[in-house]
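Notes to accompany the following structure.
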Amino acid sequence: MSDEIEWWEYDDAAEMAAAVAGDVQFIIESAIEARGGAVIALSGGKTPIPIYQKLATAKLDWKRVTIVPTDERIVPLGDPLSNVTMIAKAFLPKGARVMPIVPQATADYKAAGRSADALMQDLHWPLDLCLLGVGADGHTASIFPGPDYDEALNGPRERRAVGVMPEPLPAEAPVARVTLSRAGIISAKALMIAVTGAGKRKVIEEAISEGAGSPYPIGRVLADAELPVDIHWAE
């Protein structure tokens, strides 16, 4: 595990949103300056919405920015459960390229994973940034315990996305998913986590201390991370 896991603490979610948005803006600017474009992966859920709203106000050359979700529920575009729909609301109006990794709902989640992986292969790699969230159960992106857990964690290095069926299915979103693989996540040039609440902080701290033997997916993911990891947290 990276020796450089750094916690950044904030008084509230608004302060965290401003700080994280500033860091992401810097990463995007640096990538554009270095090679003329940036490719970033952003998490879904409710926690990062204030971050994206703040980031969308940044004066960036948005047409040079490609955004993919770290994971996606296999639902139609526009569905309230769709991560890319939430992300697109913030950044499509700015001119960014927001790329769905599940173009259409399908019953074959494994095929959806293969399709997403093929789309990822066409992007500049590694990602300039991967911004993760963490669930109360310790999942990150859509790396959940279940029949596809080992594949998501230990699949071939070149596989960047995989279809997964969480077991049990989360009550708030009982659908199959496509997720970045652990290899895809930890290959990113910058890795950040943004979470709120004491419960999630405790889970992450336990997962980090347990390392590769952690029962939490976030612990298994971070166990192989070699680059610095910034964890942004607000109560």
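The values are calculated or read from the model by the stated rules, or taken from the named source; none is laboratory data. No experiment lies behind these values; they were computed from the predicted model shown. Here the Cβ positions follow ideal geometry from the backbone for every residue, glycine too, while neighbour counts run over all protein chains shown. Heads up: the accessible areas ignore ligands, DNA and RNA and are worked out on the full protein's heavy atoms, side chains in. Shrake-Rupley method; radii C 1.70, N 1.55, O 1.52, S 1.80 Å.
Over the chain, Cα pairs under 8 Å with separation of 6+ residues give a relative contact order of 25 percent.
Once backbone amide H atoms are built at 1.01 Å from N, SER142 has LEU180 as its partners under 5 Å, excluding neighbours fewer than 5 places away on the same chain. With no solvent and one point on each alpha carbon, what is the Debye value of log10 I(q)/I(0) for segment 1-99 at q = 0.16, 0.19, 0.24 Å⁻¹? Per q value, in the given order, log10 I(q)/I(0) is -0.73, -0.98, -1.30.
Of the beta bridges DSSP finds with both residues in segment 146-235, what % are antiparallel, to the nearest 5? Given both bridge residues lie in segment 146-235, the antiparallel proportion sits at roughly 40 percent. Note on ALA58 and HIS124: with the Förster distance fixed at 22 Å, the Cβ-Cβ geometry gives a FRET efficiency of about 0.60. Every pair of different Cα atoms in the chain enters the Kirkwood calculation, which places the hydrodynamic radius at 17.5 Å. Counting 0.36 nm for each residue step from GLU4 to ALA111 and taking away their Cα separation leaves a gain of 34.9 nm. Heavy-atom accessible area with a 1.4 Å probe sorts LYS94, LYS89, largest first, into LYS89, LYS94. Projecting the Cα atoms of ALA13, GLN25, VAL68 onto the dipole axis of segment 1-75, where Lys and Arg carry +1 and Asp and Glu carry -1 at the beta carbon, places VAL68 farthest toward the positive end. Between ALA18 and ASN154, full extension at 0.36 nm per residue minus the direct alpha carbon distance yields a gain of 45.5 nm.
Legend: P(r) of segment 78-176 from all alpha carbon pair distances, 5 Å bins from 0, whole percents, reading 2, 11, 18, 26, 24, 13, 5, 1.
Between LEU227 and GLN104, residue separation times 0.36 nm minus the direct Cα-Cα distance comes to 40.9 nm.
Provide the percentage of antiparallel DSSP beta bridges, counting only those with both residues in the chain; round to the nearest 5. For the chain, the DSSP antiparallel bridge percentage is about 25. Normalised by the number of residues in segment 33-146, the average gap of Cα pairs under 8 Å and 6 or more apart makes the relative contact order 32 percent.
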